[in-house]
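Notes follow once the structure below has been shown.
The values are calculated or read from the model by the stated rules, or taken from the named source; none is laboratory data. Note that the structure is a prediction, hence the values are computed from the model and not measured. Here Cβ is always computed from backbone atoms with ideal geometry, including for glycine, and neighbour counts include all displayed protein chains. Heads up: the accessible areas ignore ligands, DNA and RNA and are worked out on the full protein's heavy atoms, side chains in. Shrake-Rupley method; radii C 1.70, N 1.55, O 1.52, S 1.80 Å.
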Amino acid sequence: MQAPLALTVIIPTLNEAANIAACVASASFADEIIVADAGSTDDTIALARAAGATVLENTGPTISAQRNTAIAAARHPWIFSLDADERVTPALAAEIGRVLAAPAHAAYRVRRRNFYLGVEQTRGGWARDWVVRLFSRERRYVPQRVHEGLESVADVGDFEELLPHHPYRSIRHQVDKLNRYAEWGAADLWDKGKRATWGDLALRPVGRFFKGYLLGGGILNGRLGLVHSGLDAYEGFLKYANLWARESSAEE
């Protein structure tokens, strides 16, 4: 049996009982797995520990804060950042091992193999979804609530293998996520001094729909592409509606 890689896998969680055991199992090629939990009220923490992960509790309030807390606690010089709805395949694990044997870049990105409601998305923007996931321990995530990313790295290599990603279990699960992201996105905009205009509320969602459905290739994915683009536009509207609501409350 091959020894685990001298690598720390970090996983941010919030109520991921449906995913966490399988996610941790897929990361078992690494010597250390750290789950950074933001206050789950389901069985996420117990299931993560039972699967063999070290769990850090109440590491929020943002996903970037969760990731950064886990990075700071890591005992290995290289980090692989994983989401609970992603799985590391044996082929990708083997490639990570080959890269770590002689790293040629400061960080590495992987293309996600995205599934929407169980159907693989091979066209449009979801087929071009690259994320930086392997990096050295001194790096940190930019502190923002939505679409958190690793600090800029000039020298980034690419993995050949893909990272399977199942972000939504159902339409209801997707809508719940979109509502949360819309609130977080509004908070990020508010902190930057942004305010919602009429155009933001009326035009941005329409532009977002056509960008994803037509320019982004969602139309190539049939009804799934239509549903996803429509819900993406809904999130955009909710984000600016939440921003407007913050402004209205502040004026009272």
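The residues of region 34-90 expose, per residue, 39 Å² of accessible area to a 1.4 Å probe.
Considering the chain, its Cα convex hull presents a mean projected area of 14.5 nm². Taking a ≥ b ≥ c as the square roots of the eigenvalues of the Cα gyration tensor, an a/c ratio of 1.5 or more together with a/b no larger than b/c marks region 135-180 as oblate.
Around the amide H of Tyr116, modelled in the peptide plane, lie the amide H atoms of Gln121, all under 5 Å away and 5 or more residues distant in sequence or on another chain. Per residue, the average separation of C-alpha pairs within less than 8 Å and at least 6 apart gives the chain a relative contact order of 17 percent. Where the alpha-carbon atoms of region 1-50 are placed on the principal axes, they occupy 36, 16, 13 Å, in descending order.
Within the full protein context, the accessible area of His105 is estimated at about 70 Å² for a probe radius of 1.4 Å.
Each residue was assigned an accessible area with a 1.4 Å probe, and for Tyr240 the value is about 20 Å². Can you give me the angle between helix 90-101 and the longest principal axis of the chain, using Cα atoms only, in degrees from 0 to 90, rounded to the nearest 10? So the inclination is approximately 70 degrees.
With angles folded into 0 to 90 degrees, how steeply does helix 63-73 sit against the dominant principal axis of the chain? Use alpha carbons for both and round to 10. Helix 63-73 sits at roughly 20 degrees to that axis.
If I fit a long axis through the Cα atoms of helix 222-251 and take the longest principal axis of the Cα atoms of the chain, what angle between them do I get, 0 to 90°, rounded to 10? Approximately 70 degrees, to the nearest 10.
Note on region 1-138: the C-alpha convex hull projects to 8.9 nm² when averaged across all orientations.
Partner aspartates and glutamates whose Cα lies under 20 Å from the Cα of Lys192, excluding those fewer than 8 positions away in the same chain, are identified as Glu148, Glu151, Glu183, Asp200, Glu235, Glu247, Glu251. With the Cα gyration tensor of region 132-252 giving a ≥ b ≥ c as the square roots of its eigenvalues, does the rule (a/c under 1.5 for rounded; else a/b larger than b/c for prolate; else oblate) give rounded, prolate or oblate? Since a/c reaches 1.5 but b/c is at least a/b, the shape of region 132-252 is classed as oblate. For His76, the residues 5 or more places off, or on other chains, whose built amide H falls under 5 Å of its own are Thr8. Per-residue 3J(HN,Hα) values for region 201-210, derived from phi via the Karplus relation 6.51 cos²θ - 1.76 cosθ + 1.60 with θ = phi - 60°, read 6, 8, 9, 4, x, 5, x, 5, 4, 5 Hz in sequence order (x marks Gly and Pro). Distance between the 7 Å Cα→Cβ label points at Thr41 and Arg139: 3.6 nm. For region 51-57, backbone phi angles converted through the Karplus equation (6.51, -1.76, 1.60; θ = phi - 60°) give residue-by-residue couplings of 7, x, 8, 7, 10, 9, 9 Hz, Gly and Pro being listed as x. When only alpha carbons of region 59-202 are considered, Rg and Dmax amount to 17.0, 54 Å.
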